[in-house]
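The values are calculated or read from the model by the stated rules, or taken from the named source; none is laboratory data. None of these values were measured; they are calculated from a predicted model. Methodologically, a virtual Cβ is constructed for each residue, glycine included, from the backbone with ideal geometry; neighbour enumeration extends over all protein chains shown. These accessible areas exclude ligands, DNA and RNA; they are computed on the full protein's heavy atoms, side chains included. Shrake-Rupley method; radii C 1.70, N 1.55, O 1.52, S 1.80 Å.
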Amino acid sequence: GPDDSYFVWKKNGQKMRACITEQSHMLFDGRVHVLSWVKDSVSENTEYKCSFISKVGNATSEVHITVEDKDSAGQDGWTKEFDTWRSAISEHDKMMQNWRKTW
């Protein structure tokens, strides 16, 4: 991303200011690798939007989280999927730390 880029996170249409993590890493060709994510908990259906904004252009991603009853049959599947995502984020964080040490 360009050096003037930044993220805007919204939860149910309201700008978020907490629970946001961002990482950036300068690549050898002058480009910048950027990543942002939110650690949050929800008790009701929630919409998240992440906008990446710069002078070059903008892009927005959105996701809708649907909360089901705790006794729902899909809970085990969701727990496994959540653990997979948590593992992927953790692995990415380790990779970024190693890149920082290398560069």
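Please enumerate the residues belonging to segment 1-27 that are in a loop (DSSP other than H, G, I, E, B) and touching a residue at least 12 places away in the same chain (Cβ under 8 Å). Selection gives Gly1, Pro2, Asp3, Asp4, Ser5, Asn12, Gly13, Met16, Cys19. From the list Ser54, Ser61, Ser87, the lone residue that is modelled with pLDDT of 80 or more and farther than 30 Å from Asp4 by Cβ is Ser87. State which residue is farthest from the chain's Cα centre (by Cα) when the search covers only segment 45-60 and only residues that are among the hydroxyl-bearing types (Ser, Thr, Tyr), open to solvent by less than 80 Å² (accessible area, probe 1.4 Å) and farther than 21 Å from Ser90 by Cβ. By that ranking, first place goes to Ser54.
Of Val34, Val42, Val38, all but one fail to be closer than 21 Å to Ala18 by Cα and either loosely packed, with under 10 Cβ neighbours inside 10 Å or modelled with pLDDT under 85 (or both); the exception is Val34.
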